[in-house]
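What follows is a short report on a single structure.
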Amino acid sequence: MLIYSTSVSVDGFIADREGAFSWSVPNEDLFRFHVTQTRELGGFLLGRRLYETMLVWETDPSMRGNELHVAFADAWCAIPKIVFSRTLDSVQGNARLAEASLAEEAAAALDATDKGVAVGGAGLAAVAVELGLVDELRMFRKPVIVGGGTPFLPPVTEDVLLDLIETRTFGSAIYERYRRVREDSN
């Protein structure tokens, strides 16, 4: 199963007009939930900016300042990552640069594990949604309206049917989990 999961404003953006997302910082309960979800992944396909943002969890010892951060860093480091970039020549940690198309890399990552595989980074996730590759959307809806910026989802030319399969509240964040309805699953 290919999963797209991220924090999102009430008006549907993952970053504001300046590219900031400080409003999406999770509280302790939500961060603990992120640790659990990260441990359940068998792979991660990510764009360059997300890779560079998350690299500190693999390279910066100061990110291991408490038990919960150690747990997240360990879980993050364990995940095999495939980075899609037109500008990077190399990557660090448990990552490699993509060598094939998103569809091919996604299929290979899913074949290599019996766990879910995540896709992240707004541009890469948008392509995955447009190609119909995403099986689950996981939104952490935050109580903020940013009025523009990086959208959670790309525009689509046809309806994409979803089943709401889980909701939870973490302080002021609402977790919404949707599974894509596939015609062949009827």
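Provide the three semi-axes, in whole Å and in decreasing order, of the ellipsoid equivalent to the chain as defined by the square roots of 5 times the Cα gyration tensor eigenvalues. Write out the running numbers ahead of the final one.
Working: eigenvalues 105, 94, 59 Å².
Sorted largest first and rounded, they come to 23, 22, 17 Å.
Amide H to amide H, which residues 5 or more places from Ser7 or on other chains are under 5 Å from it, using H placed in the peptide plane?
Answer set, sorted by chain and number: Phe140.
Karplus couplings for the stretch 158-172 from phi (6.51 cos²θ - 1.76 cosθ + 1.60, θ = phi - 60°), rounded to Hz, Gly and Pro as x?
9, 4, 10, 7, 10, 10, 6, 10, 6, 9, 8, 10, 10, x, 9
Quick one: which residues, 5 or more positions from Phe84 or on another chain, have an amide H under 5 Å from its amide H? H modelled 1.01 Å from N in the peptide plane, none for Pro or chain starts.
Leu46, Gly47, Arg48, Ala98
State which helices in the chain qualify, where a helix is a whole DSSP H run, it must extend 18 Å or more along its own axis by its Cα atoms, and its mean Kyte-Doolittle hydropathy must be at least 0.0.
Passing helices, by number: none.
Quote the relative contact order of the chain in percent (integer), defining contacts as alpha-carbon pairs under 8 Å separated by 6+ residues. The partial results should precede the final answer.
On the way: 326 pairs, mean separation 64.6, N = 186.
That works out to 35 percent.
Cut-off is 10 Å between beta-carbons; in what order do Met1, Met54, Met139 appear when sorted fewest neighbours first? All intermediate terms of the calculation are to be shown ahead of the outcome.
On the way: Met1 13, Met54 17, Met139 21.
Ranking Met1, Met54, Met139 by Cβ neighbours within 10 Å, fewest first, gives Met1, Met54, Met139.
Quick note: the coordinates plus some simple rules give every number you see, no bench work behind them. A quick note: this is a predicted structure, and the numbers were derived from the prediction, not measured. Cβ atoms come from the backbone with ideal geometry, glycine included; neighbour counts cover every protein chain shown.
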